[in-house]
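Read the structure below first, then the notes.
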Amino acid sequence: MNATDQSFLKMILDASLLVQLVLAVLMSASVVSWAIIIRKRASLSATRSAAETFETAFWSGGDLGALYRSIEGRKAPVYGMESIFEFGFREFSRLRKQPAIDGPQLMEGARRAMRVAQLREIDRLENNLEMLATIGSISPYVGLFGTVWGIMHAFRGLANVQQATLQMVAPGIAEALIATAIGLFAAIPAVVAYNRFSDQVSRLELRFDTFVEEFTTILQRNATSPKAG
C-alpha cells in the first residue's frame, strides 16, 4: 500500500461516524449496482441471441407444429420470443379444438395469450432497472449530504482556535469531499447502465411487437385449414 492509499484510508478512518456511514452506504450501493449491471447485461445478451436463433428457425419454412413441440419438450427454461410463440401457438391449438369458437375469437385468444407472454418478458427484462435508476439519482445527493456534514464537522473543530489556517482545515474538507467522489462513483455507472439497458429493452419490445403481428398474420392464414399442426 503506497502513501496515497494510506492517506486515503486514514482520511476515511478519521472521518466522523456519520460520514463513515454515508461512505458505507454509497459503497454498498455501488456493489449492488455493479451486480445488477453484470446480470442484466448477460440477460439481455442471452435474450437477443435466443431471439436471433429462434427467428432463423421460425422463418426457415419448417413445420410450426414441430417447432412448437421441440420448444415445449425442452427441459431448459423458455423465454423471450420463444415464450411468446409457445403461448400463442398453444392457445391457438387449444381454441381451435372447440367447435363453438369462430375465427375472430380464435385469433383474439391467440393474440391475447401472446400479449400476456410479451408483458411477462418485458417485466423480466425490466426487473431491477428501477434500482439502477434509484442508485443513479440518489447517490450524488447522499454523497453531498456526507460532504456538507463533514465540512461542518471540520469547521466546528476550529471553534476554539484563535487563528485558523488552511493547513488546519484542509484535511477535514478533503475527507468530507471523499463522500462526493464516492457518490459520483456509485451514480455514474448506474445512470449509464440504466440508459443503455432501457434502450435495449425498448428495442426488444419493438422486436416482440413485430413478431406478434407477423405470427398473428400467419395464424390467421391457417385458421381455416383442417389442422393447426
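Between the Cα long axis of helix 166-222 and the first principal axis of the chain there is an angle of about 0°, rounded to the nearest 10. FRET efficiency for the pair residue 213 and residue 52, taken as 1/(1 + (r/R0)^6) with r the Cβ-Cβ distance and R0 = 22 Å, rounds to 0.75. Mind checking which of 193, 76, 117 has the largest fluctuation in a GNM of the chain, springs on alpha carbons under 10 Å? Result: 76 has the largest fluctuation of those listed.
For the pair residue 12 and residue 133, a Förster radius of 22 Å applied to the C-beta separation gives a FRET efficiency near 0.20, rounded to the nearest 0.05.
Angle between the Cα long axis of helix 3-14 and the longest principal axis of the chain, 0 to 90 degrees, nearest 10? Roughly 90 degrees between the two axes. Among 70, 25, 142, flag the residue with its Cα farthest along the positive direction of the charge dipole of the range 3-222, charges on Cβ as +1 for Lys/Arg and -1 for Asp/Glu. The one lying farthest along the dipole's positive direction is 70. Taking 100, 176, 51 in turn, the Gaussian network model of the chain (Cα-Cα springs below 10 Å) assigns the largest fluctuation to 100.
Charges were assigned to the Cβ only: +1 to each Lys and Arg, -1 to each Asp and Glu. The resulting dipole of the chain about its Cα centre is roughly 540 debye. Residue separation of residue 122 and residue 144 scaled by 0.36 nm, minus their Cα-Cα distance, works out to 4.4 nm of gained length. Computed over the chain with a Gaussian network model linking Cα atoms closer than 10 Å, the most mobile of 155, 211, 85 is 155.
Among 10, 40, 97, the ranking by other beta carbons within 10 Å of each residue's beta carbon, starting with the fewest, stands as 97, 10, 40. Where does helix 129-156 land angle-wise versus the long Cα axis of the chain, in degrees 0 to 90, nearest 10? So the helix axis and the longest Cα principal axis differ by about 10 degrees.
Any read-out appearing in this document is the output of simple, stated calculations on the displayed coordinates, not a laboratory observation. These numbers come from a predicted model, not from an experiment. As a convention, Cβ positions derive from the backbone with ideal geometry for all residues, glycine included, and neighbour counts pool all protein chains shown.
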